[in-house]
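Asker: The structure's right below; bear with me while I get my questions together.
The values are calculated or read from the model by the stated rules, or taken from the named source; none is laboratory data. The model shown is predicted, which means the values in this text are computed figures rather than measured ones. Because the Cβ atoms are built from the backbone with ideal geometry, glycine has one as well, and the counts that use them run over all protein chains shown. To get the accessible areas, we keep the full protein, side chains included, count just its heavy atoms, and leave off ligands, DNA and RNA. Shrake-Rupley method; radii C 1.70, N 1.55, O 1.52, S 1.80 Å.
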There are 2 protein chains.
Amino acid sequence: MRIAQVAPLAERVPPVRYGGTERVVHALTEELVGRGHEVTLFASGDSLTSARLRPMAPTSRRLAGASDGLFFEIAMLDEVYALSAEFDLIHAHVDGLAFPFARHAEIPTVHTMHGRLDLPAQLRMLARFPEQRLVSISSAQRVASRHLPLNWMGTVHNGIRLQHFTANLTPSDPPYLVFLGRISPEKGPVEAIEIAQRAGIPLKIAAKIDRVDRDWAEQNVIPLFDLPGVDYIGEVDEQEKATLLSGALALLFPIDWPEPFGMTMIESMASGTPVIARRRGSVREVLVEGVTGFICDTDDEMVEAVRHVREIDRARCRQHVEQYFSAETMTTGYEAIYERVLRDHALRATTDEVIAGLRDGPDIANSRALPSLEIPIPIETPVVES
Amino acid sequence: MRIAQVAPLAERVPPVRYGGTERVVHALTEELVGRGHEVTLFASGDSLTSARLRPMAPTSRRLAGASDGLFFEIAMLDEVYALSAEFDLIHAHVDGLAFPFARHAEIPTVHTMHGRLDLPAQLRMLARFPEQRLVSISSAQRVASRHLPLNWMGTVHNGIRLQHFTANLTPSDPPYLVFLGRISPEKGPVEAIEIAQRAGIPLKIAAKIDRVDRDWAEQNVIPLFDLPGVDYIGEVDEQEKATLLSGALALLFPIDWPEPFGMTMIESMASGTPVIARRRGSVREVLVEGVTGFICDTDDEMVEAVRHVREIDRARCRQHVEQYFSAETMTTGYEAIYERVLRDHALRATTDEVIAGLRDGPDIANSRALPSLEIPIPIETPVVES
């Protein structure tokens, strides 16, 4: 299959540090190439890939400190679709920005929605593009839009490349907890600090602080970094993250938003480290309660969960990711969707031609429709809706 | 003429405080309605307009503190183009975001480019849409893209509604200088403070601080607000701005970027207040050296200009805006472009039909091309390129 993978330009593929979407695109692309597909990756020019790279910006825009990503991405999408004769299918990872381009393309596009989809602005956007083929990264991600007539192709949970993480069956002594990702209200860094303090176990925080969150972080979180037992490390790269996670007693994930997936949960489990999470968004799809961690409703429950977390079998955590959240599992899920989309696309193209041929009559010279009459399609039934 | 005006959703139309693009859209829309056009304004729901308002978000996204503007704007553009049968022409003010929608529309779109157009990302985007009809807000705005084959319809300088500003021929005593707009490196607030200090005249600063500029402002500008003779007022509304400007000895405009237009320059002149500006971007198109202010190359020259600014005839400043930068002048410019675009669009549609009719032969029943043969078009010449 000839597939175009279209990544956001915010981060490199794979990301240098933070960047869930670009990490998923990387894992999927590498696995697709390994399975013999012809993959073209549209991404920032510093990306590292086994696919054919089409550089769409000099470097990742966030680490460049630039705010020109939208311009580069509009230019990228136009280029992707101008080249569409080179592909069988386009897989876009840039949310709704690809919708207007995909609508007029000759070849089908699959859009993986990587963000939350519950805000009025997002629902309004989705509702305007009911024909676009969407993939969710969790079932929870679709809850708010469940009454909209959208064209969901399926849910494909995110997967990671397991070779980047080593399962550590014995956490560090003395023990520590970890908070990973982003310092923002919805990720719950304040709660993580409180829970760790109450449980009496040190907390290591490895997270970025976005510009939009800086004011909030300065008022609410950064002062807490001075507390004893709180260690702020900043943003970490892939290797530092793996080391940090594998040594931890548990990952604290006290989110307060409809988390669409939560990559750090599977990275943690792949390292053998259980996850103590709040019951929001995708958490119930990613964790197994009492088996790979604890799913809690309150801070009290999370403190209590820390006390019981040594009862979790760390080997089972790793196995859970190997089975359900590996790059291989994810890629198999996408391959099935690609095949279904291409089959459906070919069928529709054929029936469209047949119907056009019937309307124009069979005696017009050079009719595009004539050859397709040889294909055995039940043209007397309303095949367009099939 | 039935015209859709498509505003950004960042600010209300007209903006409550900061917001150059939305202010231009407001002035243009009001004037078009006054001239008898049927105008539909797509804008945030709190907008105030004489046109028919189609609310595309509950309120302006910046003052709501929301980061969902892109989703609302994609949904808006889809709605605009879905309704295109209701309009003769779409006038979009959302930079390149409307390009992919406009490309497939039945009716023509005119895009006014309101931002700088010199960054690699912007040039790359422009180059991908060479067929899109663009309007620049200054000739300077086009300099960086001059080698690209773009479809420029013309330059229409921004205009303001003159009734909002009263020319004051006698500035306040004791005198003060003013800096207006946005605290960011390219607007030169640090230079403005230095120039005012060296000239020995107090400076009033009325400006917003965006999130992206907060770190820079805290390190470089906010500490200077404590200097004697420096008065930071924050963001001002239309009325406060008019009062502030009309009392000032001069507006300091020490920009260090390719300013695409510079609304505050014309607002200042409309208040009778000369402008002391650095020679960048559009400045030479907006000011008349020695007549409505001074165009300088260095800080030294700007300090010197402050000493001579009382020699400027404040009545001439106002007249300059009345003649070249009023809402009326701007609207006349856009009307001419609309008419040209519609004429060209109708001509192309007709010749396309004629050519299609010639190719198919005149004897095909129900040919769409037949009626147009009655129109006297010189079909033996290559009219498509006319």
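Asker: Please give the FRET efficiency for residue A:163 paired with residue A:1, using the beta carbon to beta carbon distance and R0 = 30 Å, rounded to the nearest 0.05.
Answerer: Using R0 = 30 Å, I get an efficiency of 0.75.
Asker: Could I ask something else about it? Taking only the alpha-carbon positions of chain B and ignoring solvent, what does the Debye formula give for the base-10 log of I(q)/I(0) at q = 0.07, 0.09, 0.12, 0.15 Å⁻¹?
Answerer: These q points yield log10 I(q)/I(0) values of -0.36, -0.57, -0.94, -1.36.
Asker: Would you mind giving the total buried accessible surface between chains B and A, with a 1.4 Å probe and ligands, DNA and RNA left out, rounded to the nearest 100 Å²?
Answerer: The summed interface area works out to 2900 Å².
Asker: Still on this model: Show me, for segment B:76-93, the HN-Hα J-couplings you get by feeding each phi into the Karplus relation (A = 6.51, B = -1.76, C = 1.60, θ = phi - 60°), rounded to Hz, glycine and proline as x.
Answerer: 4, 4, 4, 5, 3, 6, 5, 9, 5, 5, 7, 10, 8, 7, 10, 10, 9, 10
Asker: Let me ask another. Measuring label to label, 7 Å along Cα→Cβ, what does residue A:343 give against each other copy in nm, shortest first?
Answerer: Spelled out, the distances from residue A:343's label point are 5.8 nm.
Asker: Quick one: among B:132, B:219, B:122, which has the greatest mean-square fluctuation in a GNM of chain B with alpha-carbon springs under 10 angstrom?
Answerer: Comparing B:132, B:219, B:122 in the GNM, the peak value goes to B:219.
Asker: OK, next. Find which of B:181, B:96, B:141 sits farthest along the positive direction of the dipole of segment B:84-204, computed with +1 on the beta-carbon of Lys and Arg, -1 on that of Asp and Glu, about the Cα centre.
Answerer: B:141
Asker: How big is the charge dipole of segment A:190-319 about its Cα centre, in debye rounded to the nearest 20, if each Lys and Arg gets +1 on its Cβ and each Asp and Glu gets -1 on its Cβ?
Answerer: 420
Asker: Another question about this same structure. Picking from B:33, B:49, B:63, whose Cα lies most toward the positive end of the charge dipole for segment B:13-93 (charges on Cβ: Lys, Arg +1; Asp, Glu -1)?
Answerer: With unit charges placed on the Cβ atoms, the residue in question is B:63.
Asker: Provide the net charge surrounding residue A:100, with neighbours chosen by a C-beta distance below 11 Å and charges set as Lys +1, Arg +1, Asp -1, Glu -1.
Answerer: +1
Asker: Here is a follow-up. Compare each residue of segment A:57-100 in its chain alone against the assembly with all protein chains, and report those whose accessible area goes down by 50 Å² or more; 1.4 Å probe, heavy atoms.
Answerer: Residues meeting the cut-off: A:71, A:72, A:74, A:75, A:78, A:100.
Asker: How far apart, in nanometres, would the label points at residue A:308 and residue A:356 be if each is projected 7 angstrom from Cα along the Cα-to-Cβ direction?
Answerer: 6.3
Asker: Between segment B:122-161 and segment B:37-57, how far is it from one alpha carbon centroid to the other, in angstrom?
Answerer: Value for the Cα centre distance between the two parts: 25 Å.
Asker: Roughly how far apart, in whole Å, are the Cα centres of segment B:223-241 and segment A:242-321?
Answerer: Comparing the Cα centres of segment B:223-241 and segment A:242-321, I get a distance of 50 Å.
Asker: Still on this structure, please answer the following. Only Lys, Arg, Asp and Glu count, each charged at its Cβ (+1, +1, -1, -1), so figure out the dipole size of chain A about its Cα centre, rounded to 20 debye.
Answerer: 200
Asker: For residue A:173 paired with residue B:298, estimate the spin-label separation in nm (one decimal), with each label point 7 Å from Cα along the Cα-to-Cβ line.
Answerer: 7.3
Asker: Tally Lys and Arg at +1 and Asp and Glu at -1 over the other residues with C-beta under 14 Å from the C-beta of residue B:247: what net charge comes out?
Answerer: -1
Asker: Moving to a separate point now. Using amide H atoms built 1.01 Å from N in the peptide plane, name the residues 5+ places from residue A:10, or on other chains, whose amide H lies under 5 Å from its own.
Answerer: Here the answer is A:61, since their amide H atoms fall under 5 Å of that of residue A:10.
Asker: Another question, if that's okay. So, with +1 on the Cβ of K and R and -1 on the Cβ of D and E, and no other charges, what is the size of the charge dipole of the protein assembly as shown about its Cα centre, to the nearest 20 debye?
Answerer: Dipole size: approximately 340 debye.
Asker: Only bridges with both residues in segment B:149-246 count here: give the DSSP antiparallel percent, nearest 5.
Answerer: 0
Asker: So what J values fall out for segment A:94-104 if you push phi through Karplus, 6.51 cos²θ - 1.76 cosθ + 1.60 with θ = phi - 60°, rounded to Hz, Gly and Pro as x?
Answerer: So the J values, rounded to whole Hz, are 10, 6, x, 4, 7, 3, x, 6, 5, 4, 9.
Asker: With r defined as the distance between the Cβ atoms of residue B:103 and residue A:344 and R0 fixed at 25 Å, what FRET efficiency is calculated, to the nearest 0.05?
Answerer: Given R0 = 25 Å and the Cβ-Cβ separation, E is 0.45.
Asker: Residue by residue through segment A:237-243, which ³J(HN,Hα) values in whole Hz follow from phi under the Karplus form 6.51 cos²θ - 1.76 cosθ + 1.60 (θ = phi - 60°), with glycine and proline marked x?
Answerer: For segment A:237-243, the Karplus curve yields 8, 4, 5, 5, 5, 4, 5 Hz.
Asker: For the protein assembly as shown, with all protein chains present and a 1.4 Å probe, just round the carbon and sulfur fraction of the accessible area to a whole percent.
Answerer: Carbon and sulfur atoms account for 51 percent of the accessible area of the protein assembly as shown.
Asker: R0 = 56 Å: FRET efficiency of residue A:38 with residue A:257, Cβ-based, nearest 0.05?
Answerer: Result of the calculation: an efficiency of 0.90.
Asker: Also, I was wondering about something else. Residues with beta-carbon under 12 Å from that of residue A:38, excluding residue A:38: net charge, scoring Lys, Arg +1 and Asp, Glu -1?
Answerer: Once all neighbours under 12 Å are counted, the net charge is +1.
Asker: Once the label point is set 7 Å along the Cα-to-beta-carbon vector, what list of distances in nm do you get between residue B:67 and its counterparts in the other copies?
Answerer: 1.2
Asker: Can you list, shortest first in nanometers, how far residue B:313 lies from the same residue in the other copies, with each label 7 Å from Cα toward Cβ?
Answerer: 9.4
Asker: Here's a follow-up. Could you name the lysines in cross-link range of residue A:208, using Cα to Cα under 18 Å and dropping any fewer than eight places away on the same chain?
Answerer: A:187, A:241
Asker: Right, here's the next one. Name the residue farthest towards the positive end of the dipole of chain B from the options B:5, B:293, B:258, assuming +1 on Cβ of Lys and Arg, -1 on Cβ of Asp and Glu, about the Cα centre.
Answerer: B:293
Asker: With runs of 4+ DSSP H residues as the only contributors, calculate the mean residue ellipticity of chain A at 222 nm using -39,500 (n - 2.57) per run, divided by the residue total and rounded to the nearest 500.
Answerer: Using -39500 (n - 2.57) per qualifying helix, the result is -11000 deg cm²/dmol.
Asker: Put simply, what bits of segment A:121-170 lose 50 Å² or more of accessible area when the other protein chains are there, versus the chain on its own (1.4 Å probe)?
Answerer: A:121, A:124, A:125, A:128
Asker: Sticking with this structure for a sec: Tell me the per residue accessible area of segment B:23-101 using a 1.4 Å probe; a whole number in Å² is fine.
Answerer: Each residue of segment B:23-101 exposes 31 Å² on average to a 1.4 Å probe.
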